[in-house]
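Right, one structure below, let's go through it.
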Amino acid sequence: MGRLLLMGLVTGIFVGCAEEDTGPPRVQVAGMVKLDGAPLPEGGIILQPADGGPGVGCKIVDGAFTTAESKGAVPGTQMVTVTIPDWAKDGTESINGIAIGLPAEVPKEGTDSLVLNLTKRDVKREQ
């Protein structure tokens with residue numbers, strides 16, 4: 001019983017002393033990625049602050065994406081990267097590739113309506 005109490009106290013001390021996240025504030029961002037007007041079937045999105053700092057990434061499913069609230073995007077101008085896996089199809093052809101450096105603005109309060117409209121010209125094909 002004494003060991004169990006001691007382990008509980010030691011664990012409590014370490015948990016209480018854990019480093020706080022002292023980075024910039026983050027907000028949840030959700031939205032839609034479209035390719036030639038249709039929702040991107042699947043892929044990934046990375047939002048990276050244009051002036052540096054921590055970025056965030058998440059999956060795209062049926063065009064939609066949502067970052068975690070606690071580890072969301074830093075408000076401000078973002079440079080966005082969209083990755084499209086080689087199994088994503090737009091009907092007849094594979095659309096694998098990557099679109100880099102797309103500008104987007106994330107407001108201080110976050111957003112649930114960020115829309116990125118890509119065309120196939122924006123996508124650099126993976127070989």
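The values are calculated or read from the model by the stated rules, or taken from the named source; none is laboratory data. Keep in mind that what you see is a predicted model, and the values were worked out from it rather than measured. Ideal geometry is used to build each Cβ from the backbone, glycine not excepted, and the neighbour counts take in all protein chains shown. All accessible areas refer to the heavy atoms of the entire protein, side chains included, with ligands and DNA or RNA removed. Shrake-Rupley method; radii C 1.70, N 1.55, O 1.52, S 1.80 Å.
Below are the figures for this structure:
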| read-out | value |
| --- | --- |
| Complete set of residues in the stretch 47-66 that are out of contact with any Asp or Glu (no Cβ under 7 Å at 6 or more places or on another chain), of a type outside the set (Ser, Thr, Tyr) and in a strand (DSSP E or B) | Leu47, Gln48, Pro49, Val56, Gly57, Cys58, Lys59, Ala64, Phe65 |
| Residue within the stretch 84-99 that is of a type outside the set (D, E, K, R), modelled with pLDDT of 90 or more and buried (at least 17 other Cβ atoms within 10 Å of the Cβ) present | no |
| Only listed residue being at pLDDT 95 or above and closer than 27 Å to Pro24 by Cα, chosen from Ala64, Ala68 | Ala64 |
| Long-range neighbours under 6 Å by Cβ, at least six apart or interchain, first residue on the phi > 0 side of the Ramachandran plot within the stretch 72-86, second surrounded by fewer than 22 Cβ atoms within 10 Å (Cβ to Cβ) and not charged (D, E, K, R) | Gly76/Pro49 |
| Candidates Leu118, Leu47, filtered to the one that is open to solvent by less than 30 Å² (accessible area, probe 1.4 Å) and either modelled with pLDDT of 90 or more or on the phi > 0 side of the Ramachandran plot (or both) | Leu47 |
| The stretch 52-74: number of residues that are open to solvent by less than 40 Å² (accessible area, probe 1.4 Å) and under 15 Å from Leu114 (Cβ atoms) | 10 |
